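These notes concern the structure reproduced below.
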Amino acid sequence: MQRAAVTQPASATASAQQHRATIFIEDAAVLSVRRYAGAQFVLRLKAPRCAARATAGSFVHVRCDAAIPMRRPLSIMRADAAEGWIEVLFKVVGEGLRSLGNRSAGESVSIIGPIGRGFKASPERPRALLVGGGVGIPPIIFLAETLHAAGGAYQPLVLMGSELPFPFQRRPSALPAPWLAPAIDSAMQSLEDLAIPSRLASLSDFDGCLKGYVTELASRWLDTLSPAERAATEVFACGPTPMLAAVARLARQHGVPCQVSLEEYMACAVGGCAGCTVPVQDDDGPAMRRVCVDGPVFDAARVFGN
């Protein structure tokens, strides 16, 4: 059956074309491979052109193996423009990512990136609640470190959830969280070192984590805000669609704006195939938008309703 064509307003088409002018193809050298429990990997790749333009929420399209024609979209977790590297975190699902996890330092990986519209924090709302779940954790880490680099202009709080062991070092937090029981003190070590407060949730009963969903952590924090604090708050989220829908509901209930980074299967990842379209509510009515170049970050209200 023939698939219905996806129409785009002229402004959206022009915007996507402009964005594609910033996407590069690079043969990226593998600088390091870190392995974590649950078949999770962090690759650091030498990709100077991608690193120079990467933003929190953007991603790369990676050729995992020469024998596998389809690339895989992977969110960028960190980027260092000065040193010319990016980091990606992924969990092995299928032979493509299994092959990528078997790469060694010194090998080369073909990437296309950075792709997509990332998160955009507003100085008028410096209290930033960052919520990441599972493979949605990488752009949340990138955003937290980006906001920290703004020199105190923002006050990020990072909440993350995972049923697998977390793919980073944890430690009991020395930063206060009076809205939680003292026993819920597990934090991401690298964020703790930057004095960025974080808390973790899991149904797997890890020490120091809330036994539940990360949205419960978000709900508890939002419930403590005064009207003035809510007026200074914005929510940013990335993770599975049900989690994003739940975060969007919480933001709507508390009257705070929310940006969500969507996950979707992709073929070309540069806006040509329209295989990653999702329905959104634009100013002039319902529309279909491409997650790759029109997103992956969208206003939650446009995706999940008001």
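Return yes or no: is A183 at negative phi and either surrounded by 16 or more Cβ atoms within 10 Å (Cβ to Cβ) or outside the structural domain of P139 (by TED's automatic domain parsing) (or both)? No. When the range 245-268 is limited to residues that are buried (at least 21 other Cβ atoms within 10 Å of the Cβ) and of a type in the set (S, T, N, Q), the one that is nearest to V135 (Cα to Cα) turns out to be S261.
Just to be sure, is P138 under 16 Å from the mean Cα position of the chain (by Cα), assigned to a helix (DSSP H, G or I), of a type outside the set (V, I, T) and at negative phi? Spelling it out, P138 is indeed under 16 Å from the mean Cα position of the chain (by Cα), assigned to a helix (DSSP H, G or I), of a type outside the set (V, I, T) and at negative phi.
Give me the residue from the range 60-74 that is in a strand (DSSP E or B) and of a type in the set (A, V, I, L, M, F, W, C) and, out of that set, surrounded by the fewest Cβ atoms within 10 Å (Cβ to Cβ).
Residues of the range 60-74 that are in a strand (DSSP E or B), as a first pass: 60-62, 65, 68, 72-74.
Right, trim to of a type in the set (A, V, I, L, M, F, W, C) and you get 60, 62, 68, 74.
Working: V60: 29, V62: 23, I68: 15, L74: 23.
The extreme case among them is I68.
In this structure, does R302 turn out to be under 19 Å from the mean Cα position of the chain (by Cα) and touching a residue at least 60 places away in the same chain (Cβ under 8 Å)? Against the criterion (under 19 Å from the mean Cα position of the chain (by Cα) and touching a residue at least 60 places away in the same chain (Cβ under 8 Å)), R302 does not qualify.
Is it true that R252 is more than 29 Å from H61 (Cα to Cα), touching a Cys at 6+ places or on another chain (Cβ under 8 Å) and not small (G, A, S)? Give the derivation first.
Numbers: more than 29 Å from H61 (Cα to Cα): yes; touching a Cys at 6+ places or on another chain (Cβ under 8 Å): yes; not small (G, A, S): yes.
The answer is yes for R252.
Condition first: within 18 Å of M266 (Cα to Cα), in a strand (DSSP E or B) and either among the hydroxyl-bearing types (S, T, Y) or without any contact (Cβ under 8 Å) to a residue 40 or more places away in the chain (or both). Now tell me which residues in the range 75-104 satisfy that.
Hit for the range 75-104 is S75, nothing else.
Is one or more of the residues making up the range 108-122 out of contact with any helix residue (DSSP H, G or I) (no Cβ under 9 Å at 6 or more places or on another chain) and part of a loop (DSSP other than H, G, I, E, B)? The answer is yes; a qualifying residue exists. Inspect all residues belonging to the range 94-109 and state whether any of them is under 17 Å from the mean Cα position of the chain (by Cα) and buried (at least 20 other Cβ atoms within 10 Å of the Cβ). No, the range 94-109 has no match at all. Applying the set (1) assigned to a loop (DSSP other than H, G, I, E, B); (2) surrounded by 15 or more Cβ atoms within 10 Å (Cβ to Cβ); (3) modelled with pLDDT under 95 to G272 leaves exactly one unmet item: (2).
Condition test on E145, is it buried (at least 16 other Cβ atoms within 10 Å of the Cβ), charged (D, E, K, R) and under 19 Å from L89 (Cβ atoms)? Let's see the steps before the verdict.
On the way: buried (at least 16 other Cβ atoms within 10 Å of the Cβ): yes; charged (D, E, K, R): yes; under 19 Å from L89 (Cβ atoms): yes.
Against the criterion (buried (at least 16 other Cβ atoms within 10 Å of the Cβ), charged (D, E, K, R) and under 19 Å from L89 (Cβ atoms)), E145 qualifies.
Only strands (runs of 3 or more DSSP E) whose full extent lies in the range 174-269 are considered here, and the ones with at least 2 residues that are among the β-branched types (V, I, T) are 233-238.
Looking only at the range 141-173, how many residues end up being over 16 Å from the mean Cα position of the chain (by Cα) and in a loop (DSSP other than H, G, I, E, B)?
Within the range 141-173, the first condition is being over 16 Å from the mean Cα position of the chain (by Cα), and the residues that meet it are 148-155, 163-165, 169-173.
Now drop any that are not in a loop (DSSP other than H, G, I, E, B), which leaves 149-154, 163-165, 169, 173.
Adding up the residues that qualify gives 11.
Test R49 against the stated conditions and say whether it is under 25 Å from D294 (Cβ atoms), in a helix (DSSP H, G or I) and touching an Asp or Glu at 6+ places or on another chain (Cβ under 9 Å). Yes: the conditions hold for R49.
The values are calculated or read from the model by the stated rules, or taken from the named source; none is laboratory data. Since the structure is predicted, the reported quantities are computational estimates derived from the model, not experimental observations. Cβ sites come from the backbone with ideal geometry, for glycine too, and all protein chains shown count toward neighbours.
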